[in-house]
C-alpha cells in the first residue's frame, strides 16, 4: 500500500488549491480525479459558459449603441474559441505540473476505505499520519445514486459544454 501525508479526492478548484499548498509545504501528496484536473468550473461550467455568453452580450451592447452596426454571431468560431478556452478537454499540462511538483496523480474513481485509507481504481492508498487528517475530500458534488438530471431534457453543465449547434429554442 502506497502511503501519503494527504490524499486529495476531487481536483476541482478546492482540490487544486489544497493540493498545491500541501505540496508547497513539503507533504507527500496523492491526488485522485475521475475526470479532468480543474473540475467543473474549468471545463464544463464557469469558463465555457462565460466564453459562450460574451459574444451575444457584446452583440446586444452593440445593438443599443448609436452609430454602431450590430455584429453577427459566428457559431463555429465561437465554438472553437470555447474549445480553446477549455483546452479541448485535455488536462495533460495540469497532470504533468502536479507530477513535476512531486504529487502522485491517479485518474479514476476513489472511495474512503477505512480510517486513513482510500481506494482508487481498486488500489489501496494509505495515509502516513493515521488518524490525523488522512484525507482531504474536495468534490464539487457527490453522486448520491439518484437519477441525474432530475427531469428529462434538463441541461447540465456537461450537456451545455457538449453542445455542437445552437438549440432551436434559442
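The values are calculated or read from the model by the stated rules, or taken from the named source; none is laboratory data. Keep in mind that what you see is a predicted model, and the values were worked out from it rather than measured. Don't worry about glycine lacking a Cβ; one is built from the backbone with ideal geometry, like all the others, and counts go over all protein chains shown.
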For region 104-128, which positions are in a loop (DSSP other than H, G, I, E, B) and either touching a helix residue (DSSP H, G or I) at 6+ places or on another chain (Cβ under 6 Å) or closer than 19 Å to residue 43 by Cα (or both)?
108, 109
In region 20-37, what residues are touching a helix residue (DSSP H, G or I) at 6+ places or on another chain (Cβ under 7 Å) and buried (at least 22 other Cβ atoms within 10 Å of the Cβ)?
29, 31, 37
Would region 43-60 turn up any residue that is on the phi > 0 side of the Ramachandran plot and modelled with pLDDT under 95?
no
For residues in region 19-48 being under 14 Å from residue 101 (Cα atoms) and outside any helix (DSSP H, G or I), which is nearest to the chain's Cα centre (by Cα)?
31
Within the bounds of region 11-18, is there any residue that is over 14 Å from the mean Cα position of the chain (by Cα), surrounded by fewer than 23 Cβ atoms within 10 Å (Cβ to Cβ), free of Cβ contacts under 8 Å to residues at least 40 places away in the same chain and assigned to a helix (DSSP H, G or I)?
no
Would region 49-61 turn up any residue that is part of a loop (DSSP other than H, G, I, E, B) and out of contact with any helix residue (DSSP H, G or I) (no Cβ under 9 Å at 6 or more places or on another chain)?
no
Of the residues 67, 80, which is farther than 24 Å from residue 112 by Cα, part of a loop (DSSP other than H, G, I, E, B) and modelled with pLDDT of 90 or more?
67
Considering region 94-111, residues that are farther than 23 Å from residue 25 by Cβ and in contact (Cβ under 8 Å) with a residue 24 or more places away in the chain, and then whichever is surrounded by the most Cβ atoms within 10 Å (Cβ to Cβ), we arrive at 107
